[in-house]
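Rule-based calculations on the coordinates, nothing more; no lab input. Everything quoted here is computed from the prediction, not taken from an experiment. Note that we place each Cβ from the backbone using ideal geometry, even for glycine, and neighbour counts take in every protein chain shown.
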Amino acid sequence: MPCPSIPDNMQTAGTIGSFFDNMKEILFISDLHLSQEYPDSLDRFERFAFTLSHEVDQIFMLGDVFDFWIGDDGAETLGHHKIEEQLHHISSSGIELFFLPGNRDFLVGQDFARRTGCRLLPDPSIIVIGTERIYLTHGDALCTDDIEHQQNRSVMLSAKWQSVFLEKSVEERLDTALRLRQESERSKQDKPMDIMDVNQSHLENVMRKNQVKTLIHGHTHKPAVHEFDLDGAKARRYVLGDWYTQNSILTVRNGEYMLE
Ligand code: MN
């Protein structure tokens, strides 16, 4: 079964775990878009997997780790078994690996989780680091001005669409995925940039409803730390960057957040 996802924009998150922020590090990454078509990003991820510091305790992957995913039985066809081995190398070295799916890899499921040692998280999820509640999401659900994307999203996150899709042969699924990617690239070209970004008032409502002052997401490929006032308190939104030209990593250590 694919990872459970919340198909609408309610975005009420469950708390999935508490982490004690002692001497160790927690890393957040997203939007690696790993694909045999981009060998540089594969090399970058391989180096990342084999040169991780012993200080790292947990890694949260916040979606679009893969450029697309057509079901766990299609990993071989996409040439992704090496990436699965690298993920397994990380998890077997004692680092906890979490996978929160994005709009490109929402079909990652339990077989993938078993093969790699990743724990799948629903989008959104809340974690607690020290005493701070942190809202984690891939980010596309926050881009509410992009009505077309939100409509496609709710269709593809429905159990019905997913079961029909997963019943097709791997080859048919690959064709569909390539076609969908092409359509999405084409429709992006016609959209004004700002409608594909986070809607600030929706974001604030989500943060209020979930009682968080810190939120981490990817998806927009616009790495930044946004600080703003939320009902008289300081709120922060960390946006992870993609891995097309560099590794964008948010490191949390001793209550310090470093976005590189
Ligand atoms: Mn995305």
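Simple rule: put +1 on each Lys or Arg Cβ and -1 on each Asp or Glu Cβ in the chain, find the dipole, and look at Gln182, Gly117, His81; the Cα lying farthest toward the positive end is Gly117. When only alpha carbons are used to place a centre, segment 36-60 and segment 222-252 end up 20 Å from one another.
Please work out the FRET efficiency for the pair Gln246 and Ser91, using the Cβ-Cβ distance as r and a Förster radius of 22 Å; give the result to the nearest 0.05. Once the sixth-power term is evaluated, E becomes 0.35.
Across the chain, the relative contact order, built from alpha-carbon pairs under 8 Å that are at least six residues apart, equals 26 percent. Residues of segment 153-175 with an amide N closer than 18 Å to a point placed 7 Å from the Cα of Asp111 along the Cα-to-Cβ direction: 162-175. Our estimate of slack between Thr176 and Glu46, defined as 0.36 nm per intervening residue step minus the Cα-Cα distance, is 44.0 nm. If you filter segment 44-127 for GluC sites (Glu not before Pro), then keep DSSP loop positions with at most 14 other Cβ within 10 Å, what is left? When the GluC sites (Glu not before Pro) of segment 44-127 are filtered for loop state and at most 14 Cβ neighbours within 10 Å, Glu55, Glu76 remain. DSSP loop chymotrypsin sites (Phe, Trp or Tyr not before Pro) in segment 198-244 with at most 15 other Cβ atoms within 10 Å of their Cβ, which ones? Hits after loop and neighbour filter: Tyr244. Remark: segment 18-259 carries a charge dipole of roughly 540 debye about the Cα centre, counting +1 on each Lys and Arg Cβ and -1 on each Asp and Glu Cβ. Shape class of the chain from the Cα gyration tensor (axes a ≥ b ≥ c, square roots of the eigenvalues): oblate, since a/c reaches 1.5 or more and a/b does not exceed b/c.
Every helix of 4 or more DSSP H residues in the chain counts as -39500 (n - 2.57), and over all residues that averages to -9500 deg cm²/dmol at 222 nm.
Full extension of the chain between Met156 and Asp73 yields a length gain of 28.0 nm, computed as 0.36 nm times the residue separation minus the alpha carbon distance.
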